[in-house]
1. Considering the range A:140-168 alone, what residues qualify as being open to solvent by 20 Å² or more (accessible area, probe 1.4 Å), of a type outside the set (A, V, I, L, M, F, W, C), more than 8 Å from every other protein chain (Cβ to nearest Cβ) and within 30 Å of B:Val134 (Cβ to Cβ)?
2. Kindly list the number of the only condition in (1) more than 14 Å from chain A (Cβ to nearest Cβ); (2) out of contact with any Gly (no Cβ under 9 Å at 6 or more places or on another chain); (3) part of a helix (DSSP H, G or I) that fails for B:Leu228.
3. Restricting to the range B:266-301, name every residue that is more than 9 Å from chain A (Cβ to nearest Cβ) and open to solvent by 10 Å² or more (accessible area, probe 1.4 Å).
4. Out of all the residues in the range A:173-186, which are within 8 Å of another protein chain (Cβ to nearest Cβ) and open to solvent by less than 10 Å² (accessible area, probe 1.4 Å)?
5. Just to verify a result, which residue in the range B:237-253, among those that are farther than 19 Å from B:His214 by Cα and open to solvent by less than 10 Å² (accessible area, probe 1.4 Å), is nearest to the other protein chains (Cβ to nearest Cβ)?
6. Go through (1) assigned to a loop (DSSP other than H, G, I, E, B); (2) of a type in the set (Gly, Ala, Ser); (3) in contact with an Asp or Glu (Cβ under 6 Å, 6 or more places away or on another chain) and name the single condition B:Gly183 misses.
7. Return yes or no: is B:Glu316 free of Cβ contacts under 8 Å to residues at least 12 places away in the same chain, more than 21 Å from the chain's Cα centre (by Cα) and outside any helix (DSSP H, G or I)?
8. Among the candidates B:Asp109, B:Asp184, B:Asp125, single out the residue that is open to solvent by 10 Å² or more (accessible area, probe 1.4 Å) and either closer than 30 Å to B:Val278 by Cα or modelled with pLDDT under 95 (or both).
Amino acid sequence: MSTPASRCEGIIFPSADANQRIPFPSSDRSSAIPFPSSNESERILFPSVQWFSALADAMNRNRARQEQLGYVDCVAEFRVLDGGPGGGPVAYQVTFEEFAAIDVRETDPTSPADAGRADFALDASLGTWRAMIESIAHGGGRPGLDHTLNRLSHAGTPIALRGDDQLRKDTYFRFNQSLQEFFNASAGFRTAFSG
Amino acid sequence: MRQPFARPNEILPLPVTGHMTAEALASYEAYFGHHANVWTQILEENVARLSRGSYSLHWMDTSQANWGKRAKPSSRGLTYTDINRVAPYGEIPLVGNWPNFAPRGSVRDPYIEQMPVVEDYIVTDRGEVWAENVITLYEEAKARQWNATRDIPWDELTPLPEDLEKATSQLCTFLTEVEFVAGDFPCKWLYRIPQEFLEVKSFLATQVMDEARHQEVFRKRAIAGGGLLHASPGFEWALKAVLDAPSHTMGTYLLNLLAEGLVLSVFRSGEMIAKTHVDKEIFRRCLQDEARHVSYGVMELKGYIDSHANPAKAMEELHRFADVGELVILSAFTEPALIEPVSILLGGGLDKIDHGMEGMGKLWEMFIDEYIARCERAGFPRRERCRIPTRAPWLH
């Protein structure tokens, strides 16, 4: 299943004043990522293609921020080890190119071909992903100190960073801030969790 | 108290700056005097032509130029990759033996006899500098620059308990001490690399900028949080081992692949154990830069090994170098001024330092695994010969 994320049709050019600081999300949390009230939006199920597509859409709408952060060129796989049917694994790949997320798809977590397409994969239980997403929502777009991607993955647990090629795996570090902000955008909508 | 390496009366006097300047100036005058017949002829002809009110316009002759092949921008703008698609501008020579600044792809052959020779361009072998990802990394580096003054939410910095503040400041002191060797090392070689390898020189310039910013941000963090604490001899020996590496490839392996790979792990640990969002942001930004440098180190080493005329000899020399380099780098990564503050931060306080050391031990194995994996990715099998223990020395 493949659902291309919407490309940014109307490109938002950065301010003519190159030195103007784009607000750090935490400096004005209420305006950085608007958090809709429950009657304004439906919940989006996690994990699902729709959920990752919503993040991709949010990223692509905010091109000015992406241009400040810089290129992000990688294919990232996010696996929910117990988030699939019957509590089995389920995986989603997001393709990042330049300043956009250009493709979101569900992949077969047991397929070597699908796995080979990704530069790296992050594996975690539904509970771990849920705690991270809820922490981001609670922080208005910024996770708590114990719920950043790097914090959760550095020791190999509760998120495990996987990849057969160390050079490709290292793209997780090269684009870490962009990947963190990709997930931080989940504060912009409400999430329902499977299971 | 540590013993000094030399008694005061054994220390040689510093060079006399005034004498050196006079000597250097005399040498400079002699060089340009010796070649005056060439450059004064150029000057005289130019002045005569201008005095006659005539033009040369020889530079409009495109018969020997690669004129009219217009480079087309890609979606990112006009990158080195885009212009290198236009033949012959993207032909990177195996040996970069053009001896001066004349741009690769320009009309320059007719003028070679009149041009000076830059003796400093000694790294002429493409295999000593090139990496297949260097253009990608250069574009990425430019796009992902950040500003240590404005992009860190400094106004959110709040004091930590004294043990954690001291540990944070000591970690930042270590990083301030070590970061700019990754600027000085490329600087040392940058001017020795001919203009033929302009893409490599461009990338190295971004690395210098990155390291300036890292040195800046950690100095600022330490001084904003309490102050700089202790420098360490073990760090200094590791830095000297990098700076004194006998070749660009050897030094790049030691700096970018090994040392920066370990510092990347320190940055990731720093983000993991950070007690403030300010520190999280600092470490996350820095680890991205560091990972670029590591990626250049991996592929530069691979390019060197793959292109060497005598791979077995090259490999053995690299192993000999690594035998020394790994141990000297280990002298830094076992220093109490590094592992103790990290353990305090990891454990959550001075009273939990033992717990933090256990955690550090687990991370150690991961660091070494990644280092070995990067060596193997470069085609440099180091697993059997690695001098760094796979298990942390304090774990029995």
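1. A:Arg162, A:Gly163, A:Asp164, A:Arg168
2. (3)
3. Hit for the range B:266-301 is B:Val266, nothing else.
4. Here is the first cut: in the range A:173-186, the residues within 8 Å of another protein chain (Cβ to nearest Cβ) are A:173-177, A:180.
Once the filter is applied, which keeps residues that are within 8 Å of another protein chain (Cβ to nearest Cβ) and open to solvent by less than 10 Å² (accessible area, probe 1.4 Å), the range A:173-186 yields A:Phe173, A:Phe175, A:Asn176, A:Gln177, A:Gln180.
5. By that ranking, first place goes to B:Tyr253.
6. Result: B:Gly183 fails condition (1) only.
7. Working: free of Cβ contacts under 8 Å to residues at least 12 places away in the same chain: yes; more than 21 Å from the chain's Cα centre (by Cα): yes; outside any helix (DSSP H, G or I): no.
Judged against the criteria, B:Glu316 is not a match.
8. Values: B:Asp109 fails: either closer than 30 Å to B:Val278 by Cα or modelled with pLDDT under 95 (or both); B:Asp125 fails: either closer than 30 Å to B:Val278 by Cα or modelled with pLDDT under 95 (or both).
When all the criteria are applied, what remains is B:Asp184.
The values are calculated or read from the model by the stated rules, or taken from the named source; none is laboratory data. Everything numeric here is computed off the predicted structure, so don't read it as measured data. FYI the Cβ positions are ideal-geometry reconstructions off the backbone, even for glycines, and counts take in every protein chain you see. When the accessible area is computed, the model is the full protein with side chains, heavy atoms only, and any ligands, DNA or RNA have been set aside. Shrake-Rupley method; radii C 1.70, N 1.55, O 1.52, S 1.80 Å.
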